Amino acid sequence: LQPTPVILLKEGTDTSQGIPQLISNINACQVIAEAVRTTLGPRGMDKLMVDGRGKATISNDGATILKLLDVVHPAAKTLVDIARSQDAEVGDGTTSVTLLAAEFLKQLKPYVEEGLHPQTIIRAFRNATNLAVNKIKEIAVSVKKDDKQEQRQLLEKCAATALNSKLIAGQKEFFSKMVVDAVMSLDELLSLKMIGIKKVQGGALEDSQLISGVAFKKTFSYAGFEMQPKRYDNPKIALLNVELELKAEKDNAEVRVKSVEACGGSIQTSVGAMTDEVLGQCELFEEVQVGGERYNFFKGCPKAKTCTIILRGGAEQFTEETERSLHDAIMIVRRAIKNDSIVAGGGAIEMELSKYLRDYSRTIPGKQQLLIGAYAKALEVIPRQLCDNAGFDATNILNKLRAKHAQGGMWYGVDINSEDIADNFVSCVWEPSIVRINALTAASEAACLILSVDETIKNPRSSVDGPPGGGRGRGRGRPHAH
């Protein structure tokens, strides 16, 4: 007798499970990594994404690219999420985190195929990550806070490293100074809201400027305003919630909030109760022509430390990408101020960790040895990708790096300019250690998460907005008229 098959799930439900499922998830993650792989590093290329409405975005930032890719594969979504979390937490290193996670999975694929239990792998990876993070904390170089000059130089180096791989790498000196100035002008809390970025088309990148204070488009004009003086020293500012003219409310609201935070005073809804305490003040008010727009600048605000960066540049996509790059740099500088330890970038820290874990793996027996070795090998993806993107012979350079790290040159990394290896600590390719710690933990968590899934159950109907159980009989009904 044939046993009757038990039908547990609705017709058309797609289930796949076991090792093939794991392998297909791993492959999906490889595809995601391929998408951002070439954007890593100073020689990385940019991607041009066009969305459904035909809006083009040019970007080099891993998180931005993955956000715009609109990934539907459930397992690959985790990689998008870690890139986003890295973006939110540290701001930079979004491409690295995606690459690392995908490379971890790639190194594990053979073990999964041979039937090694995923939980064993996960345990080894948690182990390796803890070791790596502790190692980073141990070898990171901390910065002396008391020496303002030295701290400033350090922050500029970190900002320059973050901008190195962006479109505006050519102007990185100029922008890293600007970013450090912007962050240094904030108060202790370093709230990002207080750095406004305004984009004005036209002009060259070098015409961008940093205004310490609030800047906004001139929102209204009135009879005879051309004759008014263009600058006032120590003016009082009245913040009115009265429609002086009919114009976009959004701009006005934004301007008001910014000004209240910066200049003190309070928003008035009528002109009746004008007293001294409801007025704000600042040191200097001026009206300046920037590009085709007139801007009002309030400088020297007593209350909050705000600043506004005004970006100039040709194409709209270009200024937007510049804004994203500056956001990365600003976040990095903030992190470096809060956590004052740094490591060398350019693949140096990854190679050092790789060597450390490889040496450690030889001291332990059992399967863990293989797995921690695989983790160590996966870390090499960063320097290797840096070489590939620059068109160097990756194998050759990695061999040199391994030799150098084995001899104890722990800050040696890829030197893009001379197609060789160099001590990146000396050549000032620095990044806050928290970036690396975060990238490693996020990547290994994502890898573990994907490994621990062995079955995907898709409900057939939930994906299409139609009447539930639509279709006739055995689901092969007439096509719905959409």
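The values are calculated or read from the model by the stated rules, or taken from the named source; none is laboratory data. Bear in mind that the values here come from a model prediction, so they are computed numbers and not experimental data. Cβ atoms come from the backbone with ideal geometry, glycine included; neighbour counts cover every protein chain shown. For the accessible areas, the whole protein counts, side chains as well, though only heavy atoms, and no ligand, DNA or RNA atoms are used. Shrake-Rupley method; radii C 1.70, N 1.55, O 1.52, S 1.80 Å.
Values computed for the structure shown
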| quantity | calculated |
| --- | --- |
| ³J(HN,Hα), Karplus 6.51/-1.76/1.60, whole Hz, each residue of the stretch 365-379, x for Gly, Pro | x, x, 5, 3, 4, 4, 6, 5, x, 5, 4, 4, 5, 5, 4 |
| Val288 paired with Gln119, simple spin-label distance in nm, labels 7 Å along Cα-to-beta-carbon | 6.4 nm |
| Environment charge at Glu321 (Cβ cut-off 9 Å; Lys +1, Arg +1, Asp -1, Glu -1) | -2 |
| With every protein chain in place, the stretch 22-100: carbon and sulfur % of accessible area (1.4 Å) | 58 percent |
| Cα-based shape type of the stretch 53-101, given that a ≥ b ≥ c are square roots of the gyration tensor eigenvalues and the cut on a/c is 1.5 | oblate |
| Segment Asn459-Glu173, extension gain: residue separation times 0.36 nm, minus the distance between their alpha carbons | 97.6 nm |
| Volume in Å³ per residue [convex hull over Cα atoms, computed for the stretch 315-471] | 231 Å³ |
| Cα-based shape type of the stretch 103-143, given that a ≥ b ≥ c are square roots of the gyration tensor eigenvalues and the cut on a/c is 1.5 | prolate |
| Projected label distance in nm at Ile364 and Ser427, using a 7 Å step from Cα toward the beta-carbon | 3.4 nm |
| Exposure of Ser85 as accessible area (Å², to 10), given a probe of 1.4 Å and all protein chains | 50 Å² |
| Alpha-carbon radius of gyration plus Dmax, which is the widest Cα pair, for the stretch 96-209 in Å | 21.1, 61 |
| Cα gyration tensor shape for the stretch 42-169, rounded if a/c is under 1.5, else prolate or oblate | oblate |
| Within the stretch 51-178: Cβ-based charge dipole about Cα centre, in debye rounded to nearest 20 (Lys, Arg +1; Asp, Glu -1) | 160 debye |
| Karplus-derived 3J(HN,Hα), 6.51/-1.76/1.60, for each residue of the stretch 392-398, Hz, glycine and proline x | 8, 7, 4, 4, 4, 5, 5 |
| Accessible area in square angstrom per residue, the stretch 49-199, 1.4 angstrom probe | 45 Å² |
| Sorted largest first, extent of the stretch 176-215 alpha carbons per principal axis (Å) | 34, 19, 13 |
| Largest-first ordering by accessible area, 1.4 Å probe, given options Ile332, Ile337 | Ile337, Ile332 |
| Gly196 long-range amide H proximity, modeled H, under 5 Å | Cys307, Thr308, Ile309 |
| C-alpha center-to-center spacing [the stretch 101-139, the stretch 339-376] in angstrom | 10 Å |
| Rg/Rg_globular for the stretch 320-391, with Rg_globular taken as 2.2 N^0.38 Å and Rg from C-alpha atoms | 1.50 |
| Charge context of Leu284, other residues only, Cβ under 12 angstrom, K/R +1, D/E -1 | -1 |
| His73 accessible area, 1.4 Å probe, all protein chains in place, Å² to nearest 10 | 60 Å² |
